[in-house]
Amino acid sequence: MALKIIDHGSKEYQQMVKLREDVLRKPLGLGFAPGELEGEKDNMLIAAFEDETILGCCMLVEENPQIVRLRQMAVLNDLQGKGIGRAIMNFAENLARDRGYKTLSMHARKNAIGFYEKMGYKVASDPFTEVTLPHVVMEKKLR
């Protein structure tokens, strides 16, 4: 498995968008709003590949010079629980740390809280609804 930063608009980015649509949006009856993807061009786009096949992805978005937010974490449904998400998270944390961020935060779906807690994240908010699902803010200090 290869973990890498991918370019907005590339063939790999198109695979990333499809994966996110299939795993995160379609099950909720949602798609991407016009212009939403264009707004991602300044984000750090991360993906895991096996040969030419995308296995999982996420993106990092700067909140401020100290905090970066993880968004759109997705792993192919039939590969969840096989360590791909953990590998992507480790890669994202190292990238954030290397770029000088002190905290990684996210809006985590309620059903993913246990996964992130095992990675050292702490719940930092009361539950709220986002994209029709319960979420919480989670964060981790990067050392």
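At-a-glance table
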{"item": "Whole-Å distance, taken between Cα centres, linking segment 2-45 and segment 53-76", "result": "10 Å"}
{"item": "Most fluctuating residue given options L104, L19, L133, as computed from a GNM of the chain linking Cα atoms under 10 Å", "result": "L133"}
{"item": "Value of [θ]222 nm, deg cm²/dmol, for the chain, DSSP H segments ≥ 4, -39500 (n - 2.57) each, nearest 500", "result": "-6500 deg cm²/dmol"}
{"item": "GluC sites (Glu not before Pro) within segment 19-49, DSSP loop, no more than 13 other Cβ atoms inside 10 Å", "result": "E36"}
{"item": "Prolate/oblate/rounded call for the chain, Cα gyration tensor, a/c under 1.5 rounded", "result": "rounded"}
{"item": "Gaussian network model of the chain, Cα within-10 Å springs - most flexible of G56, G29, G85", "result": "G29"}
{"item": "Inter-label distance, nm, simple model (7 Å from Cα along the C-beta direction), H8/T103", "result": "2.5 nm"}
{"item": "Low-density loop positions, trypsin sites (Lys or Arg not before Pro), segment 23-92 - DSSP coil, at most 12 other Cβ in 10 Å", "result": "K41"}
{"item": "Cross-link table K11/K110; K82/K110; K82/K122; K11/K82; K41/K118, entries beyond 28 Å C-alpha to C-alpha", "result": "K11/K110; K41/K118"}
{"item": "GNM flexibility winner over the chain from G35, G120, G83 (Cα, springs under 10 Å)", "result": "G35"}
{"item": "Whole-number percent relative contact order across the chain, with pairs defined as alpha carbons under 8 Å at least 6 apart", "result": "19 percent"}
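Laboratory data are not the source of any read-out in this text; all were calculated from the coordinates shown. These figures come from a predicted structure and were not determined experimentally. Methodologically, a virtual Cβ is constructed for each residue, glycine included, from the backbone with ideal geometry; neighbour enumeration extends over all protein chains shown.
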